[in-house]
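**Student:** Shown below is the structure under consideration.
The values are calculated or read from the model by the stated rules, or taken from the named source; none is laboratory data. These figures come from a predicted structure and were not determined experimentally. Here Cβ is always computed from backbone atoms with ideal geometry, including for glycine, and neighbour counts include all displayed protein chains.
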Amino acid sequence: MSCWEIVADYAFRSLGYGERLLPRSDFTLCQQVVLIGSGMIWNVYFGAVALVAGFALATLVALGKAARSPWLRKPSEWFVFVFRGSPLFIQFFFAYFFFLSLKQSVPALDPLTSAPVGAALVLFLNTAGYSAEIFHGALRSVPRGEVEAAEAYGLTGWPRFRRIVWPTMLRLAWPAYTNEAIFLFHATTLVFLSGFPAAGQKGDALYYASYFADQTFNPFVPYPILALYFIALTLVIVAIFGAVNRSLNRHLPAARRPARPRFLPQIVR
Amino acid sequence: MFAYCSDPQVLDGLAWLSCYLTTGKHMAIYWAVGTVLLLLAITGPAALLFGFGGAVAARSPVAPLSWLGRGYIAIVRGVPDIAFFLFFVIALDQGLEYLRHLALCPDWDQPVRQGSDFLVCPQAKLPLSSAPQWQHEVYGFALAVLTFAIVFGAFAANVLHGAMRAVPRAQIETAEAYGMTPRQTFRRIVVPQMWIYALPGLGNLWMVLVKATPLLFLLGVEDIVYWARELGGTKTPQFTDYPHGDWRMWYFLALLVFYLGLTRVSEIGLERLMIRLSRGQATLGGAAQGGVR
Amino acid sequence: MKLVLATAALALAAGAATAQDVIRMGTEGAYPPYNFIDDSGEVAGFERELGDELCARAGLTCEWVTTDWDSIIPNLVSGNYDTIIAGMSITDEREEVIDFTQDYYPPTESAYVAASEEVDVLSGVVSAQTATIQAGHVAESGAALLEFATPEETVAAVRDGEADAVFADYDYLLPLVEASGGELMFVGERVPLGGGVGMGLRESDAALRDQFDAAITSMKEDGTLNALLVEWFGEQVGTY
């Protein structure tokens with residue numbers, strides 16, 4: 001079987017298209033590269049969904065933490081503490097148990113115990129917790145002068161937040177947030193390793209890598225392939241976030257643009 | 001453990017629980033808590049050492065050294081820790097044994113790789129196969145520490161590299177004006193000054209390290225997650241005096257409390273350290289501390 | 001003189017493998033009744049008793065180590081222990097990488113367990129442990145396969161209604177079904193999978209394999225193996 005045929009059979013195997021059965025014998029390098037790559041679809045999906053949704057929630061929670069009212073502040077603080085303070089591994093375990101009991105009482109919540117919905121939800125909450133802490137830190141260091149200048153121009157409330165505070169907060173938080181994004185994508189490999197079941201042998205890159213490691217009894221081929229995929233993915237993330245960073249800082253004179261993270265990395269889990 | 005535990009079937013309530021929680025198997029999980037704390041205590045400084053080496057290499061004016069440092073940071077940071085753990089420990093073990101093999105058995109004529117077998121001469125085995133079990137366990141633990149230190153060292157290198165650049169230019173220029181060599185400037189000015197800039201990042205890294213310890217079982221160390229799964233699983237009366245249903249939930253709840261507690265203690269400790277280091281320092285205050293609490 | 005000769009003969013019989021005087025026995029410790037950790041934290045079960053007896057017969061000093069199932073073969077071939085005695089079925093794929101002794105447990109059967117009699121195991125959702133021969137079988141059978149990391153979770157999935165049935169080794173399921181008080185039951189046909197359970201050894205360790213092989217033969221011949229099988233698996237177990 002040529003490598004192109006393998007690509008045709010297995011490139012979308014992780015989504016359930018193509019050959020129904022995984023290769024069982026005579027494993028080739030091509031099969032491993034194609035199937036592990038197919039699994040990367042899920043890693044990208046989990047990471048992207050959680051990142052986009054988590055961004056919005058993180059902004060809200062960061063504002064909550066900075067709020068004067070304890071009704072907003074306390075729950076936000078606890079949210080961040082629980083999701084930053086416990087291993088994702090354990091969060092997955094509890095989420096799965098919780099979703100199981102939830103769907104017993106509300107049948108409409110059935111999809112929650114499947115990885116594409118349930119695990120994405122956990123990752124979303126997890127990254128929201130970490131990002132909220134980053135945003136909160138950035139919010140505290142928005143220069144007073146900028147806020148005062150905005151007031152002098154008559155900007156208050158929502159317009160002041162949207163046009164002055166929020167962009168500056170993002171600008172300050174961006175390097176640390178880039179790190180968070182990288183680690184979120186790395187954390188997606190935990191989905192099928194613990195907690196959520198893989199249905200119909202549709203799994204992420206780590207699932208297929210460990211499948212091959214189990215079948216060939218040789219961990220030295222599939223895991224390095226997985227590592228290479230992730231190094232490539234990390235480079236892509238860094239490139240995208242770097243482009244956003246440049247656009248966030250486009251108004252600054254070239255010499256003042258921070259070349260390096262001002263904020264020391266907010267690393268994860 | 002207690003005298004009344006000899007026949008658990010007749011016990012109930014607290015008496016049963018006190019016996020259940022003190023079985024030899026439960027001692028293993030308490031022991032594992034100690035293992036995790038010990039691992040954290042050793043890995044922290046070890047990762048810092050790797051990080052310092054990586055950061056110094058990365059800013060070295062010697063190009064190959066700089067590439068080595070940058071390559072180490074970029075590659076290890078780019079790979080998910082799980083993927084790394086799954087093959088690195090065995091690779092490390094084989095690598096060490098191979099080096100010993102080359103040194104100790106120069107006239108060994110058989111190939112080291114025979115089919116799928118990895119065979120070094122008996123003297124090169126680590127630890128020797130005649131060694132008692134505790135030596136094997138210590139070796140396994142040391143491999144885990146080394147792996148963690150290499151992975152987290154890459155992150156620490158990144159943080160320290162940033163911190164070294166954050167030391168105000170004016171201080172370095174002043175040192176130069178006093179006639180210090182680059183080496184002296186680095187040792188006397190940059191290194192003492194960088195910690196205040198590095199601490200928020202390193203503190204965060206510590207939190208991450210704490211939360212990576214549930215992956216220890218991937219490295220072959222029987223950690224608290226391994227025992228929580230093992231103890232919490234359904235136990236049928238045939239194989240134990242303490243049969244119970246699926247109690248994993250309760251064991252994981254205990255783990256959750258353990259990790260939240262560890263996080264809280266670390267937060268308080270880091271805050272104190274920050275205040276200590278800030279004493280007499282002209283730092284940017286808010287801006288530098290922004291990322292973390 | 002006689003005594004010295006006897007010692008020499010024993011040393012010869014023990015062969016090259018006893019250059020290393022302690023044999024490390026690798027097991028999983030999470031697969032009752034084959035092997036599990038008992039209340040006192042020691043490795044116990046059928047394979048513990050069997051292994052100790054085999055070592056005694058072969059004149060070897062043995063030490064037990066537990067390891068994760070996923071890395072049990074890679075750790076053997078890289079020399080972290082000398083044997084695998086962990087309820088491992090003899091399969092062609094494994095034979096390519098490691099050597100097996102003769103089987104000490106007759107070809108095993110796997111079975112389906114469900115929470116109700118009506119479950120159709122060929123079209124429903126069937127849970128199995130990730131990357132086991134059972135998972136491979138379910139994938140081929142046409143049922144919708146749901147894979148979990150541990151055997152515990154595969155059974156829990158049936159209790160929770162996540163899966164219609166679980167497909168696993170019969171001897172693993174039997175105590176669970178008996179203890180469930182009618183909640184769980186065997187359904188469908190039992191399926192013979194694998195070629196019996198044997199001890200796994202490195203391919204380069206032929207001398208050690210022959211020693212264990214001889215010990216297993218002697219246990220089969222004098223009936224002690226059968227007695228051990230009945231003790232741990234009940235009367236209906238296949239014997240030699």
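**Student:** When both residues are 6+ apart or on different chains and their Cβ atoms are under 8 Å apart, which pairs have a first residue that lies in segment A:88-115 and is within 14 Å of chain B (Cβ to nearest Cβ), and a second that is aromatic (Phe, Trp, Tyr) and assigned to a helix (DSSP H, G or I)?
**Tutor:** That search, which allows pairs on different chains as well, returns A:ILE90/B:PHE252; A:ILE90/B:TYR259; A:GLN91/A:PHE83; A:PHE93/B:PHE252; A:PHE94/B:PHE252.
**Student:** Going through segment A:35-46 one residue at a time, which ones are of a type in the set (A, V, I, L, M, F, W, C) and surrounded by fewer than 23 Cβ atoms within 10 Å (Cβ to Cβ)?
**Tutor:** The answer is A:MET40, A:ILE41, A:VAL44.
**Student:** Could you list all residues from segment C:102-118 that are over 30 Å from C:GLY181 (Cβ atoms) and buried (at least 24 other Cβ atoms within 10 Å of the Cβ)?
**Tutor:** Result: C:TYR104, single match.
**Student:** Of all the helices (runs of 4 or more DSSP H) wholly in segment C:41-124, which have at least 1 residues that are away from chain B (no Cβ under 14 Å) and of a type outside the set (A, V, I, L, M)?
**Tutor:** C:46-58, C:92-97
**Student:** Same structure, new question: Does A:ALA209 satisfy the criteria of being under 14 Å from C:ALA135 (Cα atoms) and among the hydrophobic types (A, V, I, L, M, F, W, C)?
**Tutor:** No: the conditions fail for A:ALA209.
**Student:** Checking C:ALA86 against (1) buried (at least 22 other Cβ atoms within 10 Å of the Cβ); (2) free of Cβ contacts under 8 Å to residues at least 60 places away in the same chain; (3) within 19 Å of C:VAL22 (Cα to Cα), which test does it fail?
**Tutor:** So the condition that C:ALA86 fails would be (2).
**Student:** With respect to A:ALA149, determine if the residue is within 30 Å of A:LEU235 (Cα to Cα) and either of a type outside the set (Val, Ile, Thr) or crowded, with 16+ Cβ neighbours inside 10 Å (or both).
**Tutor:** no
**Student:** Okay, next question. Taking B:GLU222 as the residue in question, decide whether it is within 30 Å of B:ALA91 (Cβ to Cβ) and in contact with a Gly (Cβ under 8 Å, 6 or more places away or on another chain).
**Tutor:** When the stated conditions are applied, B:GLU222 does not pass them.
**Student:** Filter segment C:147-188 down to residues that are away from chain B (no Cβ under 14 Å), surrounded by 24 or more Cβ atoms within 10 Å (Cβ to Cβ) and not charged (D, E, K, R), then give me how many there are.
**Tutor:** The qualifying residues number 3.
**Student:** Yes or no: B:LEU216 within 21 Å of the chain's Cα centre (by Cα), crowded, with 23+ Cβ neighbours inside 10 Å and more than 9 Å from every other protein chain (Cβ to nearest Cβ)?
**Tutor:** Yes.
**Student:** To continue, here is another question. Restricting to segment C:30-40, count the residues that are assigned to a loop (DSSP other than H, G, I, E, B) and crowded, with 22+ Cβ neighbours inside 10 Å.
**Tutor:** 2
**Student:** Now for a separate question. Restricting attention to segment A:195-208, does a residue exist that is in contact with a Lys or Arg (Cβ under 8 Å, 6 or more places away or on another chain) and among the small types (Gly, Ala, Ser)?
**Tutor:** no
**Student:** Tell me, please, whether a residue that is in a helix (DSSP H, G or I), in contact with a strand residue (DSSP E or B) (Cβ under 7 Å, 6 or more places away or on another chain) and of a type outside the set (Val, Ile, Thr) can be found in segment B:52-61.
**Tutor:** no
**Student:** Restrict the check to segment B:232-248 and report whether at least one residue is over 21 Å from C:ASN35 (Cβ atoms), more than 10 Å from chain A (Cβ to nearest Cβ) and part of a helix (DSSP H, G or I).
**Tutor:** No - not one qualifying residue is present in segment B:232-248.
**Student:** Taking interchain pairs and intrachain pairs at least six residues apart, which have beta carbon atoms under 8 angstrom, with the first residue in segment C:37-48 and farther than 22 Å from C:GLY198 by Cα and the second among the acidic types (Asp, Glu)?
**Tutor:** C:ASP39/B:ASP241
**Student:** Checking B:LYS25 against (1) at pLDDT 90 or above; (2) surrounded by 17 or more Cβ atoms within 10 Å (Cβ to Cβ); (3) not aliphatic (A, V, I, L, M), which single condition isn't satisfied?
**Tutor:** The single condition B:LYS25 does not satisfy is (1).
**Student:** Name the helices (runs of 4 or more DSSP H) wholly inside segment C:162-240 in which the number of residues that are over 30 Å from A:PHE97 (Cβ atoms) and hydroxyl-bearing (Ser, Thr, Tyr) is 2 or more.
**Tutor:** C:206-221
**Student:** OK, next. Can you name every residue in segment A:181-218 that is outside any helix (DSSP H, G or I), free of Cβ contacts under 8 Å to residues at least 40 places away in the same chain and either in contact with an Asp or Glu (Cβ under 6 Å, 6 or more places away or on another chain) or not hydrophobic (A, V, I, L, M, F, W, C) (or both)?
**Tutor:** Across segment A:181-218, the qualifying residue is only A:ASN218.
**Student:** Let me ask you something else. Of the residues B:GLY44, B:GLY78, B:GLY95, B:GLY71, which single one is out of contact with any Gly (no Cβ under 8 Å at 6 or more places or on another chain) and exposed (fewer than 13 other Cβ atoms within 10 Å of the Cβ)?
**Tutor:** The match here is B:GLY95.
**Student:** OK, next. Can you name the residue in segment B:151-195 that is more than 14 Å from every other protein chain (Cβ to nearest Cβ) and among the aliphatic types (A, V, I, L, M) and, of all such residues, is farthest from the chain's Cα centre (by Cα)?
**Tutor:** Here the answer is B:ALA177.
**Student:** Moving on to the next point. Could you check, for segment C:219-235, whether at least one of its residues is under 20 Å from C:THR91 (Cβ atoms), out of contact with any Gly (no Cβ under 8 Å at 6 or more places or on another chain), modelled with pLDDT of 90 or more and surrounded by 16 or more Cβ atoms within 10 Å (Cβ to Cβ)?
**Tutor:** The answer is no, given that none of the residues of segment C:219-235 is under 20 Å from C:THR91 (Cβ atoms), out of contact with any Gly (no Cβ under 8 Å at 6 or more places or on another chain), modelled with pLDDT of 90 or more and surrounded by 16 or more Cβ atoms within 10 Å (Cβ to Cβ).
**Student:** In addition: How many of the residues making up segment B:102-139 are touching a residue at least 24 places away in the same chain (Cβ under 8 Å), touching a Leu at 6+ places or on another chain (Cβ under 8 Å) and not in a loop (DSSP other than H, G, I, E, B)?
**Tutor:** Summing the residues that are touching a residue at least 24 places away in the same chain (Cβ under 8 Å), touching a Leu at 6+ places or on another chain (Cβ under 8 Å) and not in a loop (DSSP other than H, G, I, E, B) in segment B:102-139 gives 1.
**Student:** Restricting the search to segment C:125-156, which residues are within 23 Å of the chain's Cα centre (by Cα), among the hydrophobic types (A, V, I, L, M, F, W, C) and not in a strand (DSSP E or B)?
**Tutor:** If the condition is that a residue be within 23 Å of the chain's Cα centre (by Cα), among the hydrophobic types (A, V, I, L, M, F, W, C) and not in a strand (DSSP E or B), then C:ALA131, C:ILE133, C:ALA135, C:VAL138, C:ALA139, C:ALA149, C:VAL155, C:ALA156 are the ones that fit.
**Student:** Considering segment B:6-29 alone, what residues qualify as being assigned to a helix (DSSP H, G or I) and more than 11 Å from chain C (Cβ to nearest Cβ)?
**Tutor:** Scanning segment B:6-29 gives B:SER6, B:GLN9, B:VAL10, B:GLY13, B:LEU14, B:ALA15, B:TRP16, B:LEU17, B:SER18.
**Student:** Look at A:LEU29 and say whether it is more than 14 Å from chain B (Cβ to nearest Cβ), farther than 20 Å from A:HIS136 by Cβ and crowded, with 19+ Cβ neighbours inside 10 Å.
**Tutor:** no
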